[in-house]
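Worksheet for the structure shown next.
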Amino acid sequence: MRHFARFIAKAIAFLSPVLKQGGGTSAPGLALLKLDPKAITRMANGLSDGRIVISATNGKTTTTRILSKITDNAKISSVSNTAGANLKSGIATTLLRRSPSHKLGVFEVDEGVLPEIVTEIKPNIIVLMNLFRDQLDRYGELEKIRENWKSMIDGLPECTKLLVNADDPSLVFAALGHPNLVFFGLGETRYALESIPHASDSSQCPRCNNQLQYSQITISHMGDWHCTQCGLSRPDLDFEAIEIQLQGVERIKFKVLSRTGEEVIEAKLPGLYNVYNALAAFTAARQLNIEAAVAQTAIASVNAAFGRTESIQLADKDLTLLLAKNPAGANSNLDTLLLHPDKFHLAVLLNDRIADGRDVSWIWDVDYEKIFHKIESMHVGGERAYDLALRFMYGGYSTERITVNDKIGHLIDCLMTETPSNETIFVLPSYTAMLDLRAELVNRGLTHDFWEEEL
């Protein structure tokens, strides 16, 4: 039965792109698990050099991509779901496609299924990066995910190495007590926020529910925090990002301070959130005993993942996609856009499918107003385009300057004809809106399918 299940799954993997039914990143695994529910555990056992899982609300695709690039440069034969299929079906598909030479697995894992995946593949290293409010109708409140992660961590064997973003109090609370911890985070930076954002997700102490105090706030509820009531505080950092430079909307540069010294990291990725992503990947690489110089070179060469600060040429204009699927991620993207020296053209796209979350009320917690003065022209699109238009209207943006178009093809036509030559257009799409936009661009021959891209 196992051999039959794998035959059927591999046939689906082969036929999906041939029949133009997608890249076959999930469907083969879905079929395989229907026929052989224990397939993930059995296939993962063949990864003799270990299994790494990376999970977060935001940034797991980029971090997985960076770490995979590092292992490639280090000549470590690894298999990874870099196309972003991070549910059980996607991980099963990835394992189905591994060759006998692959001895290491690097897997991005959806935060909701992380405990189940950890039980099945028994990772050697787990990287936990952040927890933000996202898809409440699917996940429930953030505290529910935190409780599930804490239960998972409590059941881990001592040999499992846990890499934790110490700037996130929820993760620290969940991880404390595990004997094999490595903490990473950001040192003092001039890009810190002046106050906790109104949409912050977890600014109360996870242990005693007292209001946390901060000496530095980076993104949402993350930063250098402590509780004056119970004494819980950010632990000492094993890997600390210092001297951070955000170089416009194109690049970042910083140093990593660890007990082995200082290493300079540069990446063709923008924003403070990508400092976290690159730092997490570098920290994981060092746990694999990969030389710092190899990791540095790989990070400097990696390209943005599809939809995550991806740049696509649209006639004589530059289209830059910045995935925005929850308040924390959207606000971080807005902070990055403020680094752009000139005014820009903006398109915001919103869908409400299952993968986005049916509830789109989160857009009211995004601080769009902070970039109003930078917007040269505004387009809104997607299935919930009019919700966006309403949000911007109540935010004080002139309705006469908003172009509403809920058809992706028409939206692209408008951007092409109404935007002056040689201008930059920034697009902030929700997840499935990003996929819709890319699919239309692929149909027009302007970019490649996301499963075909190279690291």
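The values are calculated or read from the model by the stated rules, or taken from the named source; none is laboratory data. This structure is a prediction, so every number in the text was calculated from the model and none was measured. Please note: Cβ atoms are built from the backbone with ideal geometry, for glycine as well, and neighbour counts cover all protein chains shown.
Among the listed residues Ala85, Ala11, identify the single one that is among the small types (Gly, Ala, Ser), modelled with pLDDT under 95 and assigned to a helix (DSSP H, G or I). Break it down stepwise before answering.
Working: Ala85 fails: assigned to a helix (DSSP H, G or I).
Every option except Ala11 fails the conditions.
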Notebook entry, point to check: Hey, which of the helices (runs of 4 or more DSSP H) in the stretch 93-169, taking only ones fully inside, have at least 1 residues that are at pLDDT below 90, surrounded by fewer than 21 Cβ atoms within 10 Å (Cβ to Cβ) and assigned by TED's automatic domain parsing to the domain that holds Gly187?
Noted result: 136-139, 142-154
Check: Across the stretch 74-123, what is the total count of residues that are of a type in the set (Asp, Glu) and closer than 24 Å to Ala304 by Cβ?
Finding: 3
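Select, from Ser233, Ser200, Ser220, the only residue that is touching a His at 6+ places or on another chain (Cβ under 7 Å), among the polar types (S, T, N, Q) and buried (at least 19 other Cβ atoms within 10 Å of the Cβ). Reasoning before the result, please.
Values: Ser233 fails: buried (at least 19 other Cβ atoms within 10 Å of the Cβ); Ser220 fails: touching a His at 6+ places or on another chain (Cβ under 7 Å).
Step by step, each of Ser233, Ser200, Ser220 is checked, and only Ser200 is touching a His at 6+ places or on another chain (Cβ under 7 Å), among the polar types (S, T, N, Q) and buried (at least 19 other Cβ atoms within 10 Å of the Cβ).
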Note to self: Checking the structure you have, find out if any residue of the stretch 250-273 is within 25 Å of Tyr431 (Cα to Cα) and assigned to a helix (DSSP H, G or I).
What the structure shows: yes
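Take the stretch 434-455 and flag every residue that is of a type in the set (D, E, K, R), farther than 20 Å from Asp356 by Cβ and modelled with pLDDT of 90 or more. Full working, then the answer.
If we filter the stretch 434-455 for residues that are of a type in the set (D, E, K, R), which is where we start, we get 436, 438, 440, 444, 449, 452-454.
Still in the running and farther than 20 Å from Asp356 by Cβ: 444, 449, 452-454.
The one that is of a type in the set (D, E, K, R), farther than 20 Å from Asp356 by Cβ and modelled with pLDDT of 90 or more: Arg444.
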Next item on the list: Just need a number here: residues in the stretch 366-406 that are closer than 17 Å to Ala439 by Cβ and either loosely packed, with under 14 Cβ neighbours inside 10 Å or of a type in the set (A, V, I, L, M) (or both).
Entry: 0
Notebook entry, point to check: Looking at Glu376, Glu369, Glu310, which is the one that is of a type outside the set (Lys, Arg) and in contact with a Leu (Cβ under 7 Å, 6 or more places away or on another chain)?
Noted result: Glu310
Next item on the list: Quickly run through the stretch 418-438 and pick out the residues that are more than 19 Å from the chain's Cα centre (by Cα) and polar (S, T, N, Q).
Entry: Thr419, Ser421, Asn422, Thr424
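Assess whether Ile242 counts as being modelled with pLDDT of 95 or more, in a strand (DSSP E or B) and crowded, with 24+ Cβ neighbours inside 10 Å. Even if it seems obvious, please write down each step before you answer.
On the way: modelled with pLDDT of 95 or more: yes; in a strand (DSSP E or B): yes; crowded, with 24+ Cβ neighbours inside 10 Å: no.
No, not satisfied.
Which is touching a Pro at 6+ places or on another chain (Cβ under 6 Å), in contact (Cβ under 8 Å) with a residue 40 or more places away in the chain and crowded, with 18+ Cβ neighbours inside 10 Å, of Thr320, Thr309? Break it down into steps so the answer makes sense when it comes.
Numbers: Thr320 fails: touching a Pro at 6+ places or on another chain (Cβ under 6 Å).
Step by step, each of Thr320, Thr309 is checked, and only Thr309 is touching a Pro at 6+ places or on another chain (Cβ under 6 Å), in contact (Cβ under 8 Å) with a residue 40 or more places away in the chain and crowded, with 18+ Cβ neighbours inside 10 Å.
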Check: Which one of these is within 19 Å of Leu322 (Cβ to Cβ) and either in contact with a helix residue (DSSP H, G or I) (Cβ under 6 Å, 6 or more places away or on another chain) or of a type in the set (Asp, Glu) (or both): Thr447, Thr399, Thr419?
Finding: Thr447
Notebook entry, point to check: Does any residue of the stretch 291-304 turn out to be in contact (Cβ under 8 Å) with a residue 40 or more places away in the chain, closer than 26 Å to Val348 by Cα, of a type outside the set (Gly, Ala, Ser) and touching a Ser or Thr at 6+ places or on another chain (Cβ under 7 Å)?
Noted result: no
Checklist line | Residues that are surrounded by fewer than 23 Cβ atoms within 10 Å (Cβ to Cβ), touching a residue at least 40 places away in the same chain (Cβ under 8 Å) and not small (Gly, Ala, Ser), drawn from the stretch 70-81 | finding: Asp72, Asn73, Ile76
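Quick check on this structure: which one of Asp352, Asp335, Asp387 is part of a loop (DSSP other than H, G, I, E, B) and of a type outside the set (Lys, Arg)?
Values: Asp335 fails: part of a loop (DSSP other than H, G, I, E, B); Asp387 fails: part of a loop (DSSP other than H, G, I, E, B).
Going through Asp352, Asp335, Asp387 in turn, the sole match is Asp352.
One residue is enough: does the stretch 421-429 have a residue meeting the conditions of a type in the set (Phe, Trp, Tyr), farther than 18 Å from His345 by Cβ and at pLDDT 95 or above?
We begin by selecting, within the stretch 421-429, every residue of a type in the set (Phe, Trp, Tyr); these are 426.
Retained after the next criterion (residues that are farther than 18 Å from His345 by Cβ): none.
Looking for residues that are of a type in the set (Phe, Trp, Tyr), farther than 18 Å from His345 by Cβ and at pLDDT 95 or above, one finds none in the stretch 421-429, hence no.
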